[in-house]
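Beneath this line is the structure, given in structure tokens, with notes to follow.
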Amino acid sequence: VRIRLDRLIASQGPWSRKEVKKLIKAGRVRVGDRLARRPEEKVDPEAEPVFLDGEPLFYRRHLHLLLHKPPGVLSATRDREEAVALDLVPEALWRRELGIAGRLDKDAEGLLFLTTDGELAHRLTHPRWKVGKVYEVDLDAPVGEAEVRAFAQGVAGFRPARLEPLPGARARVTIEEGKHHQVKRMFRAVGREVKRLVRTRLGPLELGPLAPGEVRELTPEEIDELYRAVGLEEAD
Ligand code: URA
């Protein structure tokens, strides 16, 4: 595929198209072994390597990140005052097109998935694709068989969900939707208060040992599994 040079470079790093134009004007971009002069020229990144300051740009159509959101951070791409999830993404992994697939409340923690692929993000959060989201919660009181049955039938107007009591006043819940405050509202419907909410899984993706505040790229295997889970062919 041939892509405009300025668009191509902007899609691979933190720069806007305007900033890329300046890089080209300043003579910092090469295509193959020649100096790039026109932002609008079309290049095929698979056939001709593009260099910025002598470093090759490894072209990838999309970027997918897993972030361990700490409590107190907004699931947003920008906010004037508050700390947002995108602030935790190191500059080298920052892309203008990154969006959040399935937000977490400000006080919630755990797996937050960021992707530049809008269709993938849409499918992961749409109930039609039945992608399970797993949450571990601390409650004000234990749950038992009655609550497990209630969740299996559907509470507070939500679809059936799987509830597993854990030792103490803890539980694991799996839902396929992702409505606003859904897990908290479901527990409130059975007389429990959620004290702490941690998302541990999104479909095939697991939070695993990622420390709070850390970000990593998905592995090629995870990307494959994720696209398969929502009936998409991976773009590249
Ligand atoms: N359910 C909630 O109540 N909050 C979240 O952040 C996610 C699911």
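The values are calculated or read from the model by the stated rules, or taken from the named source; none is laboratory data. The structure presented is a predicted model; accordingly, all values stated were derived computationally and were not measured. Cβ: placed from backbone, ideal geometry, glycine included. Neighbour counts: every protein chain shown. Each accessible area value is taken on the protein alone, full model and side chains, heavy atoms only, with ligands, DNA and RNA left out. Shrake-Rupley method; radii C 1.70, N 1.55, O 1.52, S 1.80 Å.
Listing for the model above:
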quantity: Rule-of-thumb Rg ratio for the stretch 1-92 [Cα; 2.2 N^0.38 Å; N residues]; calculated: 1.30
quantity: Percent of alpha-carbon pairs separated by more than 23 Å within the stretch 116-236; calculated: 37
quantity: Values of log10 I(q)/I(0), in the order q = 0.20 Å⁻¹, for the stretch 166-218 under a Debye, Cα-only, solvent-free model; calculated: -0.90
quantity: Accessible surface of the chain [probe 1.4 Å, protein heavy atoms]: carbon and sulfur percent; calculated: 48
quantity: Largest-first ordering by accessible area, 1.4 Å probe, given options T174, T125, T115; calculated: T125, T174, T115
quantity: Cβ-Cβ FRET estimate between K195 and R216, R0 fixed at 25 Å, reported to 0.05; calculated: 0.35
quantity: Reference-scaled alpha-carbon Rg (2.2 N^0.38 Å with N residues) for the chain; calculated: 1.22
quantity: F158 accessible area, assembled protein chains, probe 1.4 Å, Å²; calculated: 20
quantity: Neighbour-limited loop hits for chymotrypsin sites (Phe, Trp or Tyr not before Pro), the stretch 50-110 (at most 11 other Cβ within 10 Å; DSSP other than H, G, I, E, B); calculated: F58
quantity: Karplus-derived HN-Hα couplings along the stretch 185-194 (A = 6.51, B = -1.76, C = 1.60, θ = phi - 60°), whole Hz, x at Gly and Pro; calculated: 5, 5, 5, 4, 5, 10, x, 10, 10, 7
quantity: Lysine-lysine proximity count for the chain, Cα under 15 Å, sequence distance 8 or more or distinct chains; calculated: 9
quantity: Residue-normalised accessible area of the chain, expressed per residue, 1.4 Å probe, Å²; calculated: 53
quantity: Distance from the stretch 104-179 to the stretch 1-24 (C-alpha centre basis), Å; calculated: 39
quantity: In sequence order, calculated HN-Hα J values of the stretch 62-76 (Karplus, 6.51, -1.76, 1.60; Hz; x Gly/Pro); calculated: 10, 10, 10, 10, 10, 10, 8, 6, x, x, x, 9, 6, 7, 8
quantity: Modelled FRET efficiency - R0 35 Å, E55 with D79, Cβ distances, 0.05 increments; calculated: 0.60
quantity: Alpha-carbon Debye profile of the stretch 119-174, log10 I(q)/I(0) at 0.28 Å⁻¹; calculated: -1.12
